[in-house]
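Coordinate-derived values only; no laboratory data. A quick note: this is a predicted structure, and the numbers were derived from the prediction, not measured. Here the Cβ is made from the backbone with ideal geometry for all residues, glycine too, and neighbour counts use every protein chain on show.
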Amino acid sequence: MMASVNKKMRTTDVVDNELYPEMDLLMNSEVSDVKFVINGQTIPAIKALMSAKSVVFRSMFSGKWLESGGKPIVIKYTTPEAFKVMIGFIYTEQLMLNNDKDIDHIRDVLKLADRYQLKRLIQSLVRLLIPLITMDNLEVLARLAFTYQLDAVIGKIKIFIDENFQQLVRKPESELYSINTAVNNLLFSKLFRNYRSMKDMIPSTNIYYSNSISNYYQYKINGQQYTVPGYSTGTVKDIDFRKF
């Protein structure tokens, strides 16, 4: 199958080398001048291409690597498969994934993209991650989004929470707390805002209290305390989300 310029390529595709002549250089030991070793597997590459796309590689090849006499560079905390995807993107600006729905694999590539400051690779991975936001994947994708500050993914997660709020707050308590931590307290903040709206309608319902020193709302949900920016007066009251 011929891959077009705008289509994500997978390693299982037969790539048209006339369209992507760089593929002749990929994993080609004869034209490569640097070798990486990941988990015992050797991956050849071209320093000039790596340096052109990554300031981290540029610094690596001009520093200690030169002093080492050009020995293979051992790369830790990744997989050979993820490293090959990264090099493939450096060469072609295309993502070549066996499975573009494998979150663990995408996470491994994302870690490398962050480590080597490959902003365009991160952008391409973000476009893959957004459609994967589901009830089952929300927690793991939220942790990735907030760890690597993927603003576009965080924005979609906020929308997902708004659209699926009632279903989310009915999850088992331990799972709910875990998801709330992953989404950086977005879930319980929304729950708190909804209770604030109830208080505005029923002034006698005291469901939060203020901390005038830090100018933050302090509130509790099932005995656990949280904070959100803002200021108001009120009385401490523990919110039972099961009655929401």
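Under the classification rounded if a/c is under 1.5, otherwise prolate if a/b is larger than b/c and oblate if not, where does segment 133-184 fall, given a ≥ b ≥ c as square roots of the Cα gyration tensor eigenvalues? Working shown, then result.
On the way: a/c = 2.28, a/b = 1.44, b/c = 1.58.
Here segment 133-184 falls in the oblate category.
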Point to revise | LEU19 long-range amide H proximity, modeled H, under 5 Å | key: none
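Find, among the chymotrypsin sites (Phe, Trp or Tyr not before Pro) in segment 53-161, those assigned to loop by DSSP (not H, G, I, E, B) with at most 14 other beta-carbon atoms within 10 angstrom.
Values: sites: PHE57, PHE61, TRP65, TYR77, PHE83, PHE89, TYR91, TYR116, PHE146, TYR148, PHE160; in loops: TYR77, TYR116, TYR148.
In loop regions of segment 53-161 (DSSP not H, G, I, E or B), the sparsely surrounded chymotrypsin sites (Phe, Trp or Tyr not before Pro) are TYR77.
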Point to revise | Cβ crowding within 10 Å averaged over residues, with 93-100, 162-169, 38-45, 138-145 ranked highest first | key: 138-145, 93-100, 38-45, 162-169
**Study point:** Nonlocal amide H pairs with VAL34, under 5 Å, H built at 1.01 Å
**Key:** ALA45, LYS47
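Are any of the pairs LYS119/LYS171; LYS101/LYS158; LYS76/LYS119; LYS53/LYS158; LYS71/LYS119; LYS53/LYS190 more than 30 Å apart by Cα-Cα distance, and if so, which?
Values: LYS119/LYS171 36 Å; LYS101/LYS158 21 Å; LYS76/LYS119 21 Å; LYS53/LYS158 32 Å; LYS71/LYS119 28 Å; LYS53/LYS190 41 Å.
With Cα atoms farther than 30 Å apart: LYS119/LYS171; LYS53/LYS158; LYS53/LYS190.
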Review point. Rounded to the nearest 20 Debye, what is the dipole magnitude of segment 133-184 about its Cα centre when Lys and Arg each give +1 and Asp and Glu each give -1 at the C-beta?
Key: 40
